[in-house]
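Coordinate-derived values only; no laboratory data. Note that the structure is predicted; figures quoted are calculated from it, not measured. FYI the Cβ positions are ideal-geometry reconstructions off the backbone, even for glycines, and counts take in every protein chain you see.
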């Protein structure tokens, strides 16, 4: 796979929730904020730095982006890993490795859903008080 690196500047979005997903990214330099839009603001789910991976969930569940990814640092350099190129590598892996990866991804999806549910409950309680 030929390495492609993209450069983004502060406050640029790598992607937004609902965008089509066709690649995952490794942060080579910079800080990326993973957020969910809620009302007129964004709830920060994570801040990722060098060597962290972004955009892996769409590879496994074939869905659109579930969150926003915005550059917090002055600049960010990200290695692009297109899903099409990764698919051939993934398909050649032993079944047990694929099962472990899929299990981790599923647990992450369930945890994210639970966090979102708890945030909604908290917001409802705040409105009631």
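Brief remarks on what is shown
- Search result, residues across the stretch 25-42 that are over 21 Å from residue 74 (Cα atoms) and either under 12 Å from the mean Cα position of the chain (by Cα) or in a strand (DSSP E or B) (or both): 36, 37, 38, 41
- A single member of 20, 88 is over 13 Å from the mean Cα position of the chain (by Cα) and either buried (at least 17 other Cβ atoms within 10 Å of the Cβ) or outside any strand (DSSP E or B) (or both), and it is 88.
- Filtering the stretch 22-41 to residues that are closer than 11 Å to residue 69 by Cβ and free of Cβ contacts under 8 Å to residues at least 40 places away in the same chain leaves 33, 34, 35.
- Residues located in the stretch 43-79, provided they are over 17 Å from residue 16 (Cβ atoms), assigned to a strand (DSSP E or B) and over 13 Å from the mean Cα position of the chain (by Cα): 75, 77, 79
- Residue within the stretch 70-85 that is in contact (Cβ under 8 Å) with a residue 12 or more places away in the chain, out of contact with any helix residue (DSSP H, G or I) (no Cβ under 7 Å at 6 or more places or on another chain) and more than 17 Å from residue 27 (Cα to Cα) present: yes
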